[in-house]
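For reference, the structure discussed in these notes is given below.
The values are calculated or read from the model by the stated rules, or taken from the named source; none is laboratory data. As the structure is a computational prediction, the values presented were derived from the model and not from experiment. Quick reminder, even Gly has a Cβ in these numbers, built from the backbone with ideal geometry, and neighbours come from all protein chains shown. The protein model used for the area step is the full one, side chains on, heavy atoms only, and it has no ligands, DNA or RNA in it. Shrake-Rupley method; radii C 1.70, N 1.55, O 1.52, S 1.80 Å.
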Amino acid sequence: MKKDKRVEIIEKAIEMFAEKGFHATTVQEIATALNISKGGFYTYFPSKDELIIEIFDYYSEKMRSGMQQVSEDLCPKERMEKQLKVQLENYMAHKPFMQMHFREQNASIIKGIQLFIRKNFFEMSKWYENHFLQIYGVEIKPYLADIITICEGMKQSFIRAFMFNEEPVDLENFAPYLMERFDDVITGIQQTKRAPIIDKQVMDRKLKPWTEKEVIEEEVKELLNNMKDLIDQELIAEDLRNDYFQVLDFIAQEIKKEQPQKMLIQGMLANLREIKRIEKERERIAKVLNVQLL
């Protein structure tokens, strides 16, 4: 299947940002490298800031997909260890880009990335919580916020160190090593029985819920991704498939705006009515966005 143009732009931008830096790389340079016009770039991404947000989403989705592929038949501790290894592999596989991110720290000043970081930490917090409760039991519940903060901070510190270390990293041994350190942290906290520093409920409230608009965006984004997968299974001409993908991308970009144009979304959804297998998702998007289907 021909690669989605948005993915082509994302992957080329990753390569160029890694080599030259986010701030130093212009939209025109990205467009030229892809043999498209600057206007063509803006068809897919309203700005370079929007592009960097999409890149982080792209990385996050690849990591999430890899973690989901780890067998559920494993015991909780072994499954956590293997999913941890997937996370570390994902960081190391994109080392040049991550080096650029750590050097420039551009993400922190972009509103969309701030939201992404908040959501990502919330998801990671839930990942830790689910695994630690299965492994260590409910008695650690009062200390979960402290445990998660310490363990995630430890992991991120190692990752940052690896980004600027030219020596190869033995991920096969590092994942179990980190799991042992997590065990040390939890065992130590249980033994000292000091009062917890961070309240888990307070931490969760600061991270979630997001605004109503953000909740809607997340649901529609998931529905659009499902629709893309279903369209990919359709026996249709490649050009028509790509046209449908562009419709989905247009809707994805429109819902990010402060005031999405409902008439435009209504028209885009109408363009998808011929594909019966996505009708459920199409109807749900219309309901969530309060748009009448044509």
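Below, the figures for the structure above:
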read-out	value
Taking the chain and dividing mean pair separation by its residue count, relative contact order in percent (alpha carbons under 8 Å, at least six apart)	16
Entries in 257/280; 5/95; 221/280 that, when Cα-Cα distance is taken, lie over 18 Å	257/280; 5/95
Net length gained if the chain between residue 287 and residue 154 were fully extended (0.36 nm per residue, minus Cα distance)	43.6 nm
Average accessible surface area per residue within the chain, 1.4 Å rolling probe, Å²	55
Cα-based helix-to-principal-axis angle, 76-93 vs the chain, degrees rounded to 10	60
Whole-number percent relative contact order across region 142-294, with pairs defined as alpha carbons under 8 Å at least 6 apart	22
Estimated FRET transfer efficiency (residue 7, residue 256; beta-carbon r; R0 25 Å; 0.05)	0.90
Order by protection proxy (mean Cβ within 10 Å, highest first), peptides 88-95, 150-157	88-95, 150-157
Accessible carbon and sulfur surface of the chain relative to its total accessible area, %, 1.4 Å	52
Efficiency of FRET between residue 19 and residue 239 - r from beta-carbon atoms, R0 25 angstrom, step 0.05	0.15
Straight-distance crosslink candidates among aspartates and glutamates, where the alpha carbon sits under 14 Å from residue 141 and sequence neighbours closer than 8 are dropped	129, 199, 204
